[in-house]
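Student: The structure that follows is given in the form of structure tokens.
The values are calculated or read from the model by the stated rules, or taken from the named source; none is laboratory data. Not measured: the values here are computed from a predicted model. Neighbour counts run over all protein chains shown; Cβ positions are idealised from the backbone, glycine included.
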Amino acid sequence: MEPIDNIDTIPLHEGIFSELEEKAQEAKTSLSFNTVPTDMKMGCGATRRRALSENFGGLRLLPPKFQTKREKKAIRESEEIKNLLNGQDILAIRKVDGGYLVLTEDQQLHVKINYLPNEMPGPAKFELNPGKPEPR
């Protein structure tokens with residue numbers, strides 16, 4: 001794939017959007033807003049998503065912030081993590097390289113995210129791999 005000098009290019013996450021990338025290759029185009037009509041470039045997010053969906057055979061892209069929300073929710077609801085933290089309230093969940101740092105009043109816990117293969121574009125499947133709690 002040749003480099004694209006367009007700030008509007010949508011990044012592909014390895015393995016997640018392979019089918020979408022293949023469709024773009026077949027169409028000999030890049031995954032960028034250049035393939036979207038100019039009047040849609042300035043529209044709201046829903047308009048952009050609809051335009052991209054129509055341009056790429058109905059496949060939808062999942063924005064990273066929604067994936068992050070799913071991951072944080074899984075951390076908050078994990079019984080394993082609650083047990084490791086002895087039931088202490090989680091004060092913050094911060095994104096770090098390779099996962100998240102979970103903070104309580106007196107402990108911190110690094111949780112690694114292991115991404116699982118997806119057969120279709122959409123939310124990435126993942127599993128949580130918590131480390132050992134450490135004092136803050």
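Student: Residues being touching a strand residue (DSSP E or B) at 6+ places or on another chain (Cβ under 6 Å) and in a strand (DSSP E or B): count how many of those fall in region 92-109. First the steps, then the outcome.
Tutor: Of all residues in region 92-109, those touching a strand residue (DSSP E or B) at 6+ places or on another chain (Cβ under 6 Å) come to 92-94, 98-103, 108-109.
Filter once more, so that each one left must be in a strand (DSSP E or B): 92-94, 99-103, 108-109.
Of the residues in that region, 10 qualify.
Yes or no, residue by residue, for (1) in contact (Cβ under 8 Å) with a residue 40 or more places away in the chain; (2) at negative phi; (3) not charged (D, E, K, R):
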| site | (1), (2), (3) |
| --- | --- |
| Ile81 | yes, yes, yes |
| Leu85 | yes, yes, yes |
| Lys95 | no, yes, no |
| Pro117 | yes, yes, yes |
| Met120 | yes, yes, yes |
| Pro130 | yes, yes, yes |
| Pro135 | no, yes, yes |
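Student: Out of region 108-124, which residues are surrounded by 13 or more Cβ atoms within 10 Å (Cβ to Cβ) and closer than 28 Å to Gly87 by Cβ?
Tutor: Passing the criteria: Gln108, Leu109, His110, Val111, Lys112, Ile113.
Student: A further question on this structure: Which condition breaks for Leu61 when tested against (1) touching a helix residue (DSSP H, G or I) at 6+ places or on another chain (Cβ under 7 Å); (2) modelled with pLDDT of 95 or more; (3) under 17 Å from Lys125 (Cβ atoms)?
Tutor: (2)
Student: For the condition surrounded by 11 or more Cβ atoms within 10 Å (Cβ to Cβ), among the acidic types (Asp, Glu) and modelled with pLDDT of 95 or more, what is the one hit in Glu71, Glu54? Quick ask: steps written out before the conclusion?
Tutor: Working: Glu54 fails: modelled with pLDDT of 95 or more.
Going through Glu71, Glu54 in turn, just one is surrounded by 11 or more Cβ atoms within 10 Å (Cβ to Cβ), among the acidic types (Asp, Glu) and modelled with pLDDT of 95 or more: Glu71.
Student: Could I ask something else about it? Just to verify a result, which residue in region 74-113, among those that are among the β-branched types (Val, Ile, Thr) and touching a Gly at 6+ places or on another chain (Cβ under 6 Å), is farthest from Pro133 (Cα to Cα)?
Tutor: That would be Ile113.
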